[in-house]
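See structure below.
Read the figures in this text as sums done on the coordinates, not as results from a lab. Keep in mind it's a predicted model, so treat the numbers as computed, not measured. Every residue, glycine among them, receives a Cβ derived from its backbone with ideal geometry; neighbour counts consider all protein chains shown.
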Amino acid sequence: MSPLKQTLLNLNTHAKTVLLPVIGIAIFLFLWTIAANSINTSLGKFPAPSSVVTQMVNLFDEHNAERDKADAFYERQEVRNAKRIAKDPEYVPKVRTYTGKETFLDQIITSLVTVMSGFILAAAIAIPLGIAIGLSKGLNTAINPIIQIFKPVSPLAWLPLVTMAVSALYVSDDPYFAKSFINSLITVTLCSIWPMIINTSVGVAGINKDWDNVSKVLSLPKLKHIQKIVLPAAIPSIFTGMRMSLGVAWMVLIAAEMLAQNPGLGKFVWDEFQNGSSASLSRIMTAVVVIGFIGFLLDLIMQKIQYVVSWDKASAER
């Protein structure tokens, strides 16, 4: 094939890669607009894409306005303390934290911190346990029934139990972490741990027997066998489980925040639903779009990490 034809073929491939998603999104937005205009609710028309864009701008402006209030608060506090110290050099200034409402962007950050904390905790438990299960048929036989029983349990069932347990055990006059954060973190961990355990154990159990034989011939110690043979071979399966778990963790967190009224995007959605203002529907729809977009970005980041650390680049691109 001539260089010119190859160049044209590459351009055609890249054009399809960009053009087809754009066409799909355009059709989706068109159908969304038509459907929104035909749905009347007690709070007015169902929010169209234009309403979501408007609310995104409004929410960003509200965030900036709240930051300005916080800056003004700390400036006033600093001036007041400076005057007190000038009158009384022995005065110990009191520094108070600004207690304004959390903005939409603040709640996004809160949800991201919580979901990543729960996901990392789940990975720290699930991956070593999955490796152990994959290497031992006896352990797999013993633990598999427990996994199959608890894997389908909804976060709505775990949350009341977690809340009661945390309230009973996490007792402190000056807690380092808020109880709401601990509740959400443990709930996310309990619901996202299972896909990682299952995929890791399957990946480890399915390792090429020839590689195991090479390890035996070289008389590799157990830890060295896991490091040099097991982990590299099981990475595609491990990351498949991690990507599934992160998606589950994100969905679970939003539900948990809504049910328990813990700070985050879930609480934002519930508060807007309870508010019932003319802008509430648009704000809820904005949150839905942002939740979906963040979930997409989280999966994309995990895919890129898998591509970097995996020897099987083809599986990482799927």
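Evaluate the relative contact order of the chain (contact order divided by residue number), counting alpha-carbon pairs under 8 angstrom at least 6 apart; express in whole percent.
RCO, the chain: 20 percent.
I want to verify a result. In a Gaussian network model of the chain, Cα cutoff 10 Å, which of these has the top mean-square fluctuation: W250, W211, W270?
W211
Compute the helix-to-body angle for 280-309: its Cα long axis versus the longest principal axis of the chain, expressed 0 to 90° and rounded to tens.
Here the helix axis deviates by roughly 40 degrees.
Using per-residue counts of other Cβ atoms within 10 Å, averaged over each peptide, order 233-243, 141-151 from highest down.
Ranked by mean Cβ neighbours within 10 Å, highest first: 233-243, 141-151.
Considering only the other residues whose Cβ falls under 14 Å of the Cβ of I198, what net charge follows from Lys and Arg at +1 and Asp and Glu at -1?
+2
Using θ = phi - 60° and the Karplus curve 6.51 cos²θ - 1.76 cosθ + 1.60, what whole-Hz ³J(HN,Hα) does each residue of the range 176-187 get, with Gly and Pro shown as x?
Here the 3J(HN,Hα) series is 6, 10, 5, 4, 4, 5, 4, 4, 5, 4, 5, 4 Hz.
Among I108, I305, I39, determine the one that fluctuates most according to a GNM of the chain built with springs between C-alpha atoms less than 10 Å apart.
Top of the fluctuation ranking is I39.
To the nearest 10 degrees, how steeply does helix 137-150 sit against the main Cα axis of the chain, on a 0 to 90 scale?
30
Semi-axes, largest first, in whole Å: what does sqrt of 5 times each Cα gyration tensor eigenvalue give for the range 106-223?
Largest first, the range 106-223 gives 35, 16, 13 Å.
Under the Karplus relation 6.51 cos²θ - 1.76 cosθ + 1.60, θ = phi - 60°, what is the ordered set of whole-Hz ³J(HN,Hα) values for the range 200-208, x standing for Gly and Pro?
Karplus-based 3J(HN,Hα) across the range 200-208 equals 5, 5, 5, x, 5, 5, x, 5, 3 Hz.
Give the separation of the Cα centroids, the range 239-318 to the range 24-98, in Å.
21
In whole Å and largest first, what semi-axes does the C-alpha gyration tensor of the chain yield when each eigenvalue is scaled by 5 and square-rooted?
Semi-axis lengths for the chain are 42, 32, 22 Å.
Any idea what angle helix 3-37 forms with the longest principal axis of the chain, computed on alpha-carbon atoms, 0 to 90 degrees, nearest 10?
Roughly 50 degrees, rounded to the nearest 10.
Running a GNM on the chain with Cα contacts under 10 Å, which residue among Q107, Q77, Q274 ends up with the highest mean-square fluctuation?
Q77
Rounded to the nearest 500, what is the chain's calculated 222 nm mean residue ellipticity when only DSSP H runs of at least 4 contribute -39500 (n - 2.57) each, over all residues?
-27000 deg cm²/dmol
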